[in-house]
Amino acid sequence: MSPDSRGSRGPRSPTSQTVEIDGRTVKLTNLDKVLYPASGFTKGEILDYYARVAPVMLPHLADRPATFIRYPDGVDASGFFAKHAPSHTPDWVRTVSIAVSSSGKQIEYVLIDDLSSLMWAANLAAVEFHVPQWHAADPAHHDLLVLDLDPGAPATVLDCVRVAFAARDLLAGHGMELRAKTSGGKGLHLYAPLTGVTAEQARELAHTIALSLETQHPDFIVSNMAKRERPGKVFVDWSQNTHAKTTVAPYSLRARPHPTVSTPVTWEQLESARRPEDLVFSPARALEQVGDYGDLLSGL
Ligand code: ATP
Ligand code: MN
């Protein structure tokens, strides 16, 4: 299908559209291409979802070097990680050159600061958006602590919920407030704000938390990377606080067979979840969640 098959398909199903956003001209293409074959979810629906969720999502993307996972041939085909700004990046999309890995190699990253940049990126079939726990303005300091809870089958997200409450109680004892989102995959992500903390310190803190949780509940919590696949246990992955690591951004779609969203949830929702499906958010349900609660991660 060519991007400009508008004429041949008739005006009621245009496959491309040129829109003005933030005073910039953004061309949205292949709108009726199905990118989630199992549910028939199209690129147009992906763009529509991102446009609607942008008001709550953008604050979590802004000024953080973005990694896209692009699926130009749909989520059943292999996607690819894109860290380098594409050569055809418009000049109004902000980019920044930063050395992230220990090799010292500079990467020119894209920063998704506004709606036009988000729509431009989503139009590249960037289904997933991932960001680090620090800002481009201050790469040396982490402003987020993240605990990635990974259930080892037959454990499910419901077991992650037990771990989340244990983590919440532990951190509350140190005056730290935790907030939760679904990963959009199998587990949960927990966040706490940090200030003036280096990557090394953030990683140490997360490791200490994971170790204490494991000590408290050795029957169902694991902190050791080598044992991450332990059946029936939840691995508390603290290593995502490493400088070069990213976590899927709040409100990002996931490239699962059906479209799911990494969605912030309340503690009450976690507590009342009875089946893993209770914590699965489609794009429509994620938008309802935002309608009901606003951004549960606001201010992070
Ligand atoms: P799930 O709940 O199913 O575990 P997840 O998003 O937490 O979903 P993980 O495999 O636990 O998935 O990975 C955690 C994070 O690490 C991801 O959100 C992603 O940002 C990052 N990540 C994972 N694999 C890669 C990779 N190959 N390259 C870069 N980043 C990755
Ligand atoms: Mn995970």
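What are the residues in the range 51-74 that are part of a loop (DSSP other than H, G, I, E, B) and either more than 16 Å from the chain's Cα centre (by Cα) or within 21 Å of HIS142 (Cβ to Cβ) (or both), if any? Of everything in the range 51-74, those that are part of a loop (DSSP other than H, G, I, E, B) and either more than 16 Å from the chain's Cα centre (by Cα) or within 21 Å of HIS142 (Cβ to Cβ) (or both) turn out to be ALA62, ASP63, ARG64, PRO72, ASP73, GLY74. Would you confirm, using the coordinates I've provided, whether HIS243 is surrounded by fewer than 22 Cβ atoms within 10 Å (Cβ to Cβ), of a type outside the set (Val, Ile, Thr), farther than 26 Å from VAL75 by Cβ and touching a helix residue (DSSP H, G or I) at 6+ places or on another chain (Cβ under 6 Å)? Yes; evaluated as a whole, the condition is true for this residue.
Out of the range 204-234, which residues are of a type in the set (A, V, I, L, M, F, W, C) and modelled with pLDDT under 95? Before you say what the answer is, go through the steps one by one.
Going residue by residue through the range 204-234, those that are of a type in the set (A, V, I, L, M, F, W, C) are 205-206, 209-211, 213, 220-222, 225-226, 234.
If the condition is that a residue be of a type in the set (A, V, I, L, M, F, W, C) and modelled with pLDDT under 95, then MET225, ALA226 are the ones that fit.
With a requirement of 3 or more residues that are touching a residue at least 24 places away in the same chain (Cβ under 8 Å) and more than 19 Å from ARG70 (Cα to Cα), the strands (runs of 3 or more DSSP E) lying completely within the range 94-181 that satisfy it span 142-151.
Total residues in the range 16-45 satisfying the condition of being under 24 Å from ASP91 (Cα atoms) and in contact with a helix residue (DSSP H, G or I) (Cβ under 7 Å, 6 or more places away or on another chain): the figure is 9.
Please verify whether the range 24-33 includes one or more residues that are farther than 25 Å from LYS245 by Cβ, in contact (Cβ under 8 Å) with a residue 40 or more places away in the chain, among the acidic types (Asp, Glu) and open to solvent by 30 Å² or more (accessible area, probe 1.4 Å). No, the range 24-33 contains no residue that is farther than 25 Å from LYS245 by Cβ, in contact (Cβ under 8 Å) with a residue 40 or more places away in the chain, among the acidic types (Asp, Glu) and open to solvent by 30 Å² or more (accessible area, probe 1.4 Å). Only one entry in ALA155, ALA210 is within 14 Å of ligand 2 (Cβ to nearest atom), more than 22 Å from GLN133 (Cα to Cα), surrounded by 16 or more Cβ atoms within 10 Å (Cβ to Cβ) and more than 16 Å from the chain's Cα centre (by Cα), namely ALA155.
Filtering GLU128, GLU177 for residues that are modelled with pLDDT of 95 or more, among the charged types (D, E, K, R) and within 15 Å of ligand 1 (Cβ to nearest atom) leaves a single hit, GLU128.
Is there a residue being of a type outside the set (Phe, Trp, Tyr) and within 16 Å of the chain's Cα centre (by Cα) anywhere in the range 270-279? The answer is yes, given that some residue of the range 270-279 is of a type outside the set (Phe, Trp, Tyr) and within 16 Å of the chain's Cα centre (by Cα). Taking the range 186-205 only, how many residues are open to solvent by less than 30 Å² (accessible area, probe 1.4 Å), within 13 Å of ligand 1 (Cβ to nearest atom) and over 17 Å from HIS60 (Cβ atoms)? Qualifying residue count for the region: 1.
Here's the yes/no breakdown for (1) away from ligand 1 (no atom under 15 Å from the Cβ); (2) modelled with pLDDT of 95 or more; (3) within 18 Å of LEU147 (Cβ to Cβ); (4) buried (at least 18 other Cβ atoms within 10 Å of the Cβ):
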{"residue": "VAL236", "(1), (2), (3), (4)": "no, yes, yes, yes"}
{"residue": "ALA249", "(1), (2), (3), (4)": "no, yes, yes, yes"}
{"residue": "PRO264", "(1), (2), (3), (4)": "no, yes, yes, yes"}
{"residue": "ASP278", "(1), (2), (3), (4)": "yes, yes, no, no"}
{"residue": "SER282", "(1), (2), (3), (4)": "yes, yes, no, no"}
{"residue": "LEU296", "(1), (2), (3), (4)": "yes, yes, yes, yes"}
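Evaluate the following for ASP48: is it under 18 Å from the mean Cα position of the chain (by Cα) and not aliphatic (A, V, I, L, M)?
On the way: under 18 Å from the mean Cα position of the chain (by Cα): yes; not aliphatic (A, V, I, L, M): yes.
Judged against the criteria, ASP48 is a match.
Considered as a group, the residues in the range 77-115 that are more than 21 Å from ASN241 (Cα to Cα) and among the polar types (S, T, N, Q) include one that is surrounded by the fewest Cβ atoms within 10 Å (Cβ to Cβ), and that residue is SER87. On the given criteria, is ALA122 at pLDDT below 95, buried (at least 16 other Cβ atoms within 10 Å of the Cβ) and under 25 Å from GLY185 (Cα atoms)? Criteria not met by ALA122. In the range 164-185, which residue that is among the charged types (D, E, K, R) and open to solvent by 60 Å² or more (accessible area, probe 1.4 Å) is nearest to ligand 2 (Cβ to nearest atom)? Step by step, filter the range 164-185, then rank; the result is ARG168.
If the requirement is being touching a helix residue (DSSP H, G or I) at 6+ places or on another chain (Cβ under 7 Å), within 21 Å of GLU177 (Cβ to Cβ) and either open to solvent by 40 Å² or more (accessible area, probe 1.4 Å) or more than 13 Å from ligand 1 (Cβ to nearest atom) (or both), which of these qualifies: HIS135, HIS142?
On the way: HIS135 fails: touching a helix residue (DSSP H, G or I) at 6+ places or on another chain (Cβ under 7 Å).
Result: HIS142 is the single residue among HIS135, HIS142 that is touching a helix residue (DSSP H, G or I) at 6+ places or on another chain (Cβ under 7 Å), within 21 Å of GLU177 (Cβ to Cβ) and either open to solvent by 40 Å² or more (accessible area, probe 1.4 Å) or more than 13 Å from ligand 1 (Cβ to nearest atom) (or both).
The values are calculated or read from the model by the stated rules, or taken from the named source; none is laboratory data. A quick note: this is a predicted structure, and the numbers were derived from the prediction, not measured. All Cβ positions, even for glycine, are placed from backbone atoms using ideal geometry, and neighbour counts span all protein chains on display. SASA here: full protein model, heavy atoms, side chains in, ligands and nucleic acids out. Shrake-Rupley method; radii C 1.70, N 1.55, O 1.52, S 1.80 Å.
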